[in-house]
Each structure stands twice: as structure tokens, then as C-alpha cells.
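One structure is given below, encoded as C-alpha cells.
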Amino acid sequence: MRPNLFITLSILTSIISSTASAQDADRQMAFLMAVSGNCAELVIDGEAMPCDGNLFNTDYDDGRIGFAFMAEGPGGKIITFSGRGQEQQSPAANVRLQPIDGVVLAGGIQLVKGECLFENPYAGPARIECTARSSSGLQYVGRFLTDGEEPVMIELGDES
């Protein structure tokens, strides 16, 4: 595993574990996939910011999935575009479209309407493009292109 990706993955796992809300106490993260590449755009609460070259895909045991983008720099924000995996569509070969109903930020979950389009990261460089808007009009965007290297997959979940 690439050293910078390993450090970022460790930090993200800690943050995700420590920010789970009381209502999500029974939900467990089943898989965490990490890819590296070029983050072309990141907009959080309507504010554009530079973003990190790592992206994470979370998969929970209740079927909820997420795409986590990280802003660059100290104190960088993390945003996860989240939706129910059962609603995922496949408009073309190696392409999935995931409806998004929430974005997860440090302050909690913001209800939104949006979608993430993502390509198969095992088939070479892959696009991950998420867009969403809150009912108050705040915009959220994440656009990423993987470097084509195989993703790092960590299986989590119940270890009993």
C-alpha cells in the first residue's frame, strides 16, 4: 500500500468510527475501498476548495454506501456523499449511477438530492463524479479520476 494512502486511510477510518451518530449505532461498516488519483473539483456548502488525491468508498451492512472526498491541508474537511446501494442503477457497462440523499460532514448529515456516477476502478482510470444540492440551495460537488492502480480494499465488520 502506498504510504500516504495508508496514513490517510487510517485517519479516515478513525474519523468515520468516531463520528457515528447514536441512530447509526447498529450499523457497521463492512468494506472500505481507497483509490488514489486526481481530484479535479471539490465544493462543500457552495465553497470551492482544493482537494486531496485520495478518495474512499464506504459500504455498510445495511446497504448504505458513500464516497468520501477530502479537502487538502491542515484541518481539511471531509465530505461523504451517501445513498442506499439498493437504488443503484447501471446505465452502461462498467458504469454505475448512485442516487444520493445525504452528505455527511463534521456537523452531521445534510439531506440533499443528487447522484454519483462512478466507473469500475479495476478496469483502469475511473471517474467518480458526485453532485448534490440541499433544499436550501447549498451545492456539493466532488469530481475525481483514479490513477488506474488497483484499489486498496479493507473488509471490516463483525470480527467476533
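The values are calculated or read from the model by the stated rules, or taken from the named source; none is laboratory data. The shown structure was predicted, so the numbers you read here are calculated from the model rather than taken from an experiment. When we count neighbours, we look across all protein chains shown, and the Cβ atoms used for this are built from the backbone with ideal geometry, even at glycine. Surface areas here come from the heavy atoms of the whole protein model, side chains and all, with no ligands, DNA or RNA. Shrake-Rupley method; radii C 1.70, N 1.55, O 1.52, S 1.80 Å.
Return the pair list, or none, for Cβ contacts closer than 6 Å from residues in the stretch 45-71 that are at positive phi to residues that are assigned to a loop (DSSP other than H, G, I, E, B) and not hydroxyl-bearing (S, T, Y), at least 6 apart or on different chains. Taking only residues 6 or more apart or on different chains, the pairs are D45/L138; G46/L138. Take the conditions (1) touching a helix residue (DSSP H, G or I) at 6+ places or on another chain (Cβ under 9 Å); (2) open to solvent by less than 80 Å² (accessible area, probe 1.4 Å); N94 misses just one of them, which is (2). Checked against the criterion of being closer than 25 Å to E155 by Cβ, at pLDDT 95 or above, in contact with a Ser or Thr (Cβ under 6 Å, 6 or more places away or on another chain) and assigned to a strand (DSSP E or B), the candidates G37, G142 yield just one match: G37.
Per the listing L138, L156, L145, L105, the residue uniquely within 23 Å of A30 (Cβ to Cβ), aliphatic (A, V, I, L, M), touching a residue at least 60 places away in the same chain (Cβ under 8 Å) and open to solvent by 50 Å² or more (accessible area, probe 1.4 Å) is L156. What residue, of I100, I65, I154, I128, is at pLDDT below 95, in a strand (DSSP E or B) and not hydroxyl-bearing (S, T, Y)? After ruling out the rest, the residue left standing is I154.
Residues that are aromatic (F, W, Y) and open to solvent by less than 80 Å² (accessible area, probe 1.4 Å) are absent from the stretch 119-127.
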